[in-house]
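Inspection log for the structure reproduced underneath, given as structure tokens.
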Amino acid sequence: MGSEMAPDFPSHLLELEALTRGQIEALLSLAARFKRERARARAGEAPSDRRGLLRGRNVITLFFENSTRTRSSFEVAAKALGADVLSFQKDASSVAKGESLEDTVRNLDAIGADALVVRHPAAGAPRLVARVVRASVINAGDGAHEHPTQGLLDALSLRERWGTVEGKTVAIVGDIAHSRVARSNIHCLSKLGARVRVGGPSTLIPAGIERLGCAVARSLKEALTGADAVMALRIQNERIADARLPGARDYARTWGLNARTLEMLPRDALVLHPGPVNRGVELSSDVLDSPRSLVMDQVDSGVAVRMAALALCLRAEVPP
Amino acid sequence: MIILDSGRVIDPRNGVDGVRTVLIDGDHVREVREQPATPAEKLVHQVIDCRGRWVLPGLVDLHVHLREPGEEGKETIATGARAAAAGGVTTVVAMPNTRPVCDSAALARFVAARGREAGFARVLPAGAITRGSLGEQLADMAELKEAGCVCVTDDGRPVMSAGVMRRALEYARDVGVPVMVHAEDLTLSASGAMNEGPVATRLGLAGIPAAAEVAMVQRDLLLAEMTGARLHVAHVSAQGSVRALREAKARGVRVTAEAAPHHFTLTEESVAGVPPAAHAGQPAGEPYDTHAKMNPPLRAESDRQAVVAALEEGIIDAIATDHAPHGPLDKQVEFVQAATGVIGLETSLALTLLLVRSGELTLSRAVERLTAGPARCFDLPYGTLGASAPADVIVVDAEREWKVDPQRSWSRSRNTPFAGWTLRGKVVRTFVGGKLVHEEGK
């Protein structure tokens, strides 16, 4: 069924900007099925075993940045499909001095990788990898460019809550300049028919972001008014060191999401965060742990979306 | 004698554009006349039929990285000069950011001697502004000038201290040597990898605002005005720089400027692999194409247009390639890590002619900016076909279409963003000092 659903799904998942709405919806439908199956398995109902789908295939995760969450999520997803999983963690700075990225991935390709899941601090690195390997390349985050599976998992969580994201308004608040999550979400949500607004201090809004098809809000109030969901992005300490922000407190005061500022949001609006959260900076604990928070559901969607991405890129035949 | 018979001579320095015959006597031009070669001359002299061809002064390129000494794997003075000859460039100014930096008379003499040995082009060294181009202490400018340096520059490493730059300009004025500046405020360009704007934002690359260049151009114009020194602004890429230059020239500041073919042909879209709209038929690149990574970066279309208008107007005096050879180890890597710069000696004339064909630049101005314009910037006796001028002459087949094939480049490096482009206009013969140094197809 997988191949019927998306006969034209690309063998590399490098960016959501390049996908069509049809391709995104095919992936989300498959992910929704995997997610339901996982929920049934957890509830102790008869699980449908998907371990035959990628049996005998090698999925290699190659992370040039520290990440436990995304990597674990990919590894759980690959194992749930029966793939053999190998993990490489490399420090990009030491690689820069020695072996080139191209040489590293050619070696992994020769070892027999069927899929390479790549996270790299340099925007565009997964594309460079895709150019030189036979394996399918899945971008697990490249610099400030894209994090496709994050965009997809956010869309999945929202879609399940709302039925559709079409016509909804989603605000993304925080460090847009350095955020691959923001870019993937802008592409994904707008292709699915949602309206996207971004907001944050001007020091963290990159030039020309509106050309990606989103609106730019100049205050938190403007960002939140009438929004159906708000996604808070992580504020990193480096932003203080590089003079983009005076400090966490000042940020929390003007752009932080807490019980007080959420008054600006409609009562039934949802709150998302790609994690890891700085509690009390971009998101207060009471909001994070409130029923309107989708944060834990996002993590659950993550595994399902990554299963779907691996299945589609590797052309697994998914029985109905 | 060599007689270039009945070509279309375009020599803006002498106001010539018409069918003429050029007589080369030894190392200099004897005469440019309307009368074709006579039968008697054809018996005695070497007469080259130039009917249907253009005959131009050899091109003068003020901004070339020859990499020797120190990075001979990328280019040598001989290979770079050979590429120059193939591109019709008969004079190159060799940038001093070699290893070690050309901040001493010994090194400047070495570069000049290597150039003479190679013989393909006149290789004129540029010396450093500051010792080691570290931006702290002045280099021995008088000694550098005596050793043949035609300008001083810390190209690639801007002199960040305004105080040091002020003293450098004062000292250079005394010595009588122009100061070429790579205008970039490093605190504004910071970790940027391409022009700041929508393309950088879409690709997730940190941006370099045009202000990084413009702020430094303005600072150096102020200091040039204050000191009376001669300033030459390298590789102008931003509209704001053009505006600042226009105002400064109107005020009488002693300033000249150059622009590079990649800046007047391409835009930031090339980093996304999209060829410019005006050249939609040319091959598309890949997103994150490191051959579109330069410093200053490729800018917006409005900047490109401002640079072209400045060339037409004469606000920008010279076309200079910033020929910057790099090997695959520097270019086949992640975009942020890739070296900046592209080769350009063999494509500068044909790329300039694209502007002529698109109607953005008149032919005589185009030729002037490639020949007499740059010569004037540094008071060089080249770029002219006047009687008794050095016989640096090129013959061009203006209609010849050719495809840019990096594998066939004379340069030791292959890093051009124009690979696969179909260009029109090819140099068929290059003479330096009356000596044939390049013949197409030979």
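Does at least one position in region B:287-298 carry a residue that is under 30 Å from A:HIS120 (Cα atoms), at pLDDT below 95, surrounded by fewer than 21 Cβ atoms within 10 Å (Cβ to Cβ) and within 14 Å of another protein chain (Cβ to nearest Cβ)? No, that holds for no residue.
Being surrounded by fewer than 18 Cβ atoms within 10 Å (Cβ to Cβ) and either closer than 28 Å to B:VAL152 by Cα or not acidic (Asp, Glu) (or both) is the requirement here; does B:LEU436 meet it? Yes; evaluated as a whole, the condition is true for this residue. Every condition in (1) in contact (Cβ under 8 Å) with a residue 24 or more places away in the chain; (2) not in a helix (DSSP H, G or I) is met by A:PRO291 except one, and the failing one is (1). Residues of region A:197-226 that are within 14 Å of chain B (Cβ to nearest Cβ) and buried (at least 18 other Cβ atoms within 10 Å of the Cβ): A:VAL198, A:GLY200, A:LEU204, A:ILE205, A:PRO206, A:ILE209, A:LEU212, A:CYS214. Among the residues of region B:332-375, those identified as hydrophobic (A, V, I, L, M, F, W, C) and within 14 Å of chain A (Cβ to nearest Cβ) are B:VAL333, B:PHE335, B:VAL336, B:ALA338, B:ALA339.
Counting residues in region B:69-87 that are crowded, with 21+ Cβ neighbours inside 10 Å, assigned to a strand (DSSP E or B) and in contact (Cβ under 8 Å) with a residue 60 or more places away in the chain gives zero. Candidates are the residues of region B:240-258 that are closer than 30 Å to B:GLN337 by Cβ and in contact (Cβ under 8 Å) with a residue 40 or more places away in the chain; the one that is farthest from the other protein chains (Cβ to nearest Cβ) is B:GLU258. Within region B:1-56, being in a loop (DSSP other than H, G, I, E, B) and hydroxyl-bearing (Ser, Thr, Tyr) holds for one residue alone: B:THR38.
Conditions tested, residue by residue: (1) within 13 Å of chain B (Cβ to nearest Cβ); (2) assigned to a helix (DSSP H, G or I).
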| residue | (1), (2) |
| --- | --- |
| A:ASP154 | no, yes |
| A:LEU158 | no, yes |
| A:GLY167 | no, no |
| A:ILE172 | no, no |
| A:ILE176 | yes, no |
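The set of residues from region B:145-179 being of a type in the set (Asp, Glu) and under 16 Å from B:GLY132 (Cβ atoms) comprises B:ASP154, B:ASP155. Of the set (1) more than 13 Å from chain A (Cβ to nearest Cβ); (2) over 17 Å from the mean Cα position of the chain (by Cα), all apply to B:LEU329 but (1). Exactly one residue out of A:ALA182, A:ALA194 is buried (at least 18 other Cβ atoms within 10 Å of the Cβ), within 19 Å of A:VAL305 (Cβ to Cβ), out of contact with any Pro (no Cβ under 6 Å at 6 or more places or on another chain) and within 13 Å of chain B (Cβ to nearest Cβ), and it is A:ALA182.
Might you let me know whether region A:214-227 holds any residue that is under 18 Å from A:GLN298 (Cβ atoms) and either assigned to a loop (DSSP other than H, G, I, E, B) or out of contact with any helix residue (DSSP H, G or I) (no Cβ under 6 Å at 6 or more places or on another chain) (or both)? Yes, because at least one residue in region A:214-227 is under 18 Å from A:GLN298 (Cβ atoms) and either assigned to a loop (DSSP other than H, G, I, E, B) or out of contact with any helix residue (DSSP H, G or I) (no Cβ under 6 Å at 6 or more places or on another chain) (or both). Taking the numbered list (1) part of a helix (DSSP H, G or I); (2) surrounded by 19 or more Cβ atoms within 10 Å (Cβ to Cβ); (3) within 14 Å of another protein chain (Cβ to nearest Cβ) in turn, B:LEU188 passes all entries but (2). Taking the criterion of being more than 14 Å from every other protein chain (Cβ to nearest Cβ), in a loop (DSSP other than H, G, I, E, B) and without any contact (Cβ under 8 Å) to a residue 40 or more places away in the chain, the residues of region A:228-255 that qualify are A:ASN237, A:PRO246, A:GLY247.
Per the listing B:PRO275, B:PRO296, the residue uniquely closer than 20 Å to B:VAL404 by Cβ and in a loop (DSSP other than H, G, I, E, B) is B:PRO275. Scanning region B:249-265 for residues being more than 13 Å from the chain's Cα centre (by Cα) and outside any helix (DSSP H, G or I) gives a total of 5. All conditions but one from (1) surrounded by 24 or more Cβ atoms within 10 Å (Cβ to Cβ); (2) within 10 Å of chain B (Cβ to nearest Cβ) apply to A:ARG131; the one that does not is (1).
On the stretch given as region A:19-38, residues that are loosely packed, with under 15 Cβ neighbours inside 10 Å and either more than 18 Å from A:ASP154 (Cα to Cα) or of a type in the set (D, E, K, R) (or both) total 2.
Without any contact (Cβ under 8 Å) to a residue 40 or more places away in the chain, within 14 Å of chain A (Cβ to nearest Cβ) and charged (D, E, K, R), is that true of B:GLU196? Answer is yes for this residue. One residue is enough: does region A:64-78 have a residue meeting the conditions out of contact with any helix residue (DSSP H, G or I) (no Cβ under 9 Å at 6 or more places or on another chain) and either touching a residue at least 40 places away in the same chain (Cβ under 8 Å) or outside the structural domain of A:VAL133 (by TED's automatic domain parsing) (or both)? Yes, that holds for at least one residue. Inside region A:30-85, can you point out the residues that are among the acidic types (Asp, Glu) and more than 19 Å from A:GLY112 (Cβ to Cβ)? If the condition is that a residue be among the acidic types (Asp, Glu) and more than 19 Å from A:GLY112 (Cβ to Cβ), then A:GLU37, A:GLU45, A:ASP49, A:GLU65 are the ones that fit. Taken over region A:253-280, the criterion of being aliphatic (A, V, I, L, M) and within 21 Å of the chain's Cα centre (by Cα) is satisfied by A:LEU257, A:ALA269, A:LEU270, A:VAL271, A:LEU272, A:VAL277.
Entry remark, region B:199-239: residues being in a strand (DSSP E or B), away from chain A (no Cβ under 14 Å) and of a type in the set (A, V, I, L, M, F, W, C) number 2 in total. Within region B:38-59, the residues that satisfy the criterion of being of a type in the set (A, V, I, L, M) and under 30 Å from B:GLY373 (Cβ atoms) are B:ILE48, B:VAL55, B:LEU56, B:LEU59.
Note on region A:234-246: among residues that are under 23 Å from A:LEU272 (Cα atoms) and of a type outside the set (Asp, Glu), the one that is nearest to the chain's Cα centre (by Cα) is A:ARG234.
Evaluate region A:56-67: report whether one residue or more is over 21 Å from A:GLU15 (Cβ atoms) and crowded, with 17+ Cβ neighbours inside 10 Å. Within region A:56-67 (the criterion being over 21 Å from A:GLU15 (Cβ atoms) and crowded, with 17+ Cβ neighbours inside 10 Å), the answer is yes, since at least one residue qualifies.
Of the residues in region B:397-408, not one is buried (at least 23 other Cβ atoms within 10 Å of the Cβ) and in contact (Cβ under 8 Å) with a residue 40 or more places away in the chain. Within region A:136-149, residues that are touching a residue at least 12 places away in the same chain (Cβ under 8 Å) and within 12 Å of chain B (Cβ to nearest Cβ) have Cβ atoms under 7 Å from residues that are polar (S, T, N, Q) and not in a loop (DSSP other than H, G, I, E, B) in these pairs: A:GLY141/A:THR70; A:GLU146/A:ASN139; A:GLU146/A:SER184; A:HIS147/A:SER184, counting only partners at least 6 apart in sequence or on another chain.
The values are calculated or read from the model by the stated rules, or taken from the named source; none is laboratory data. The model shown is predicted, which means the values in this text are computed figures rather than measured ones. Counting neighbours? That spans all protein chains shown, and the Cβs are built from the backbone with ideal geometry, glycine included.
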